[in-house]
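First comes the structure, then the notes that go with it.
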Amino acid sequence: MITSATRYQPDRDELASLLSDHPSYRVDQLWKGLYDEGLPIEDISTLPKALRSDLAALLPPALFDRMVSVSEGGETHKWLWGLDDGDAVETVLMHYADRSTVCVSSQAGCAMACGFCATGQEGFRRHLTTGEIVEQVVRARAAALPRRLSNVVFMGMGEPLANYDAVWGAVRRIHGDLGLSARHITMSTVGLVPGIKRMAEESLPVSLAVSLHAATDALRTELVPINSRYPIDMLAEACQGYVAATGRRLSFEWALIAGVNDTKEQAIALSELCRELRAHVNLIPLNPTPGYLTVGTDAAGVTQFQKWLLERNTNATIRRNRGTDIDAACGQLRASQNAKSSGSAGSTSVAAPRRKDQGGSGFVD
Ligand code: SAH
């Protein structure tokens with residue numbers, strides 16, 4: 001029995017126990033209003049007014065509007081949400097010709113410490129709850145109208161597989177109650193092997209994207225420090241297991257960093273790995289972040305890297321950067337206002353140390 005919770009946290013049984021003094025169809029009405037229609041409880045007109053206001057007080061929203069930015073003629077929206085403990089996370093909605101995708105956060109901050117990622121530079125603060133994750137999707141779905149929200153990607157702030165239970169609870173809700181197909185839900189991971197193995201045992205075959213960024217251990221450990229615990233061989237074996245268990249295609253994310261991982265040697269090593277795993281590669285030039293001094297590969301270098309892969313029959317697409325102008329691009333979420341003026345380009349140092357003065361919440365002010 002719950003006494004109070006955020007709006008999208010309780011499951012149906014928990015809501016039923018909250019409404020145990022009412023006819024059972026009230027649960028159906030509440031559930032339909034929240035999930036099918038995405039309405040604020042106050043606007044669920046099938047419920048009596050007094051009950052609506054009781055429920056609205058018992059089930060407050062988890063996310064408070066702090067800021068919303070819209071760019072590219074309305075094609076990209078970014079929200080900065082305040083949470084009940086004063087923390088903040090971001091959600092990005094992107095419209096494409098054939099789909100509308102929401103990129104959700106799974107943690108406030110991140111413990112994985114990838115040096116090139118703005119969230120990694122901040123460090124970890126806390127896990128998000130299932131309710132906080134589901135509510136991001138519901139809010140984006142409402143904002144997307146009249147277009148239909150078709151895809152959810154766990155590529156916002158945080159490492160989803162480090163918050164497995166809450167994230168998987170959200171996946172089930174997004175699939176079962178918001179009605180998105182499993183193949184349109186993408187889990188993006190830095191490569192937490194135990195999490196990938198757990199996913200292989202789940203009944204929902206979601207798409208798996210692994211943030212590889214380097215195809216040799218020495219370089220990958222430099223870029224993605226967790227590689228020292230789960231090196232490429234071990235990661236590849238877990239990915240193989242996932243593909244075998246689910247039949248889903250695997251994709252590798254590869255942020256191209258000038259002079260670092262955009263070399264022919266890396267392209268060759270990557271295509272060998274892709275051949276074994278029948279994986280697809282998503283290429284994206286590194287987006288600038290405050291605490292990392294190395295720049296993204298230029299357009300010609302990106303095309304060259306793709307060519308090296310295609311020549312070896314490795315399927316590789318170049319992803320367009322979305323939301324760069326509103327700091328909504330991959331790895332840029334919650335970039336600080338202060339950092340914006342201090343610039344990040346110019347150097348080619350790989351081991352740019354984390355700048356201690358910039359991990360913070362300047363964006364939230
Ligand atoms: N922790 C998860 C999901 C969040 S990041 C993961 O690592 O997959 C989503 C994607 O953005 C990852 O592929 C991540 O490596 C990439 N990314 C992070 N910082 C980036 C940057 N500055 N430029 C381009 N991509 C970046």
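The values are calculated or read from the model by the stated rules, or taken from the named source; none is laboratory data. For clarity, every value in this text was computed on a predicted model and none was experimentally measured. Here the Cβ is made from the backbone with ideal geometry for all residues, glycine too, and neighbour counts use every protein chain on show. Quick note on the areas: whole protein, heavy atoms, side chains included, nothing else; ligands and nucleic acids left out. Shrake-Rupley method; radii C 1.70, N 1.55, O 1.52, S 1.80 Å.
Just one residue in the set 167, 171 is within 14 Å of the ligand (Cβ to nearest atom), part of a helix (DSSP H, G or I) and under 30 Å from residue 82 (Cα atoms); that residue is 167.
Residues in the stretch 196-213 that are closer than 16 Å to residue 162 by Cβ and either open to solvent by 20 Å² or more (accessible area, probe 1.4 Å) or within 11 Å of the ligand (Cβ to nearest atom) (or both): 197, 198, 208, 209, 210, 211. For residue 320, state whether it is surrounded by fewer than 16 Cβ atoms within 10 Å (Cβ to Cβ), under 23 Å from residue 77 (Cβ atoms) and more than 10 Å from the ligand (Cβ to nearest atom). Spelling it out, residue 320 is indeed surrounded by fewer than 16 Cβ atoms within 10 Å (Cβ to Cβ), under 23 Å from residue 77 (Cβ atoms) and more than 10 Å from the ligand (Cβ to nearest atom). Note on the stretch 214-233: residues that are within 11 Å of the ligand (Cβ to nearest atom) and open to solvent by 20 Å² or more (accessible area, probe 1.4 Å) total 1. Just give me the residues in the stretch 85-115 being open to solvent by 10 Å² or more (accessible area, probe 1.4 Å) and among the charged types (D, E, K, R), in sequence order. Across the stretch 85-115, the qualifying residues are 85, 87, 98, 99. Checking 255, 244, 329, 335 one by one, the residue that is open to solvent by less than 50 Å² (accessible area, probe 1.4 Å) and at pLDDT 95 or above is 255 and no other.
Return yes when residue 82 is open to solvent by less than 20 Å² (accessible area, probe 1.4 Å) and either polar (S, T, N, Q) or in the same structural domain as residue 127 (by TED's automatic domain parsing) (or both) and no when it is not. Yes; evaluated as a whole, the condition is true for this residue. Considering the stretch 174-195, and only residues there that are part of a strand (DSSP E or B) and not polar (S, T, N, Q), the residue that is nearest to the ligand (Cβ to nearest atom) turns out to be 187.
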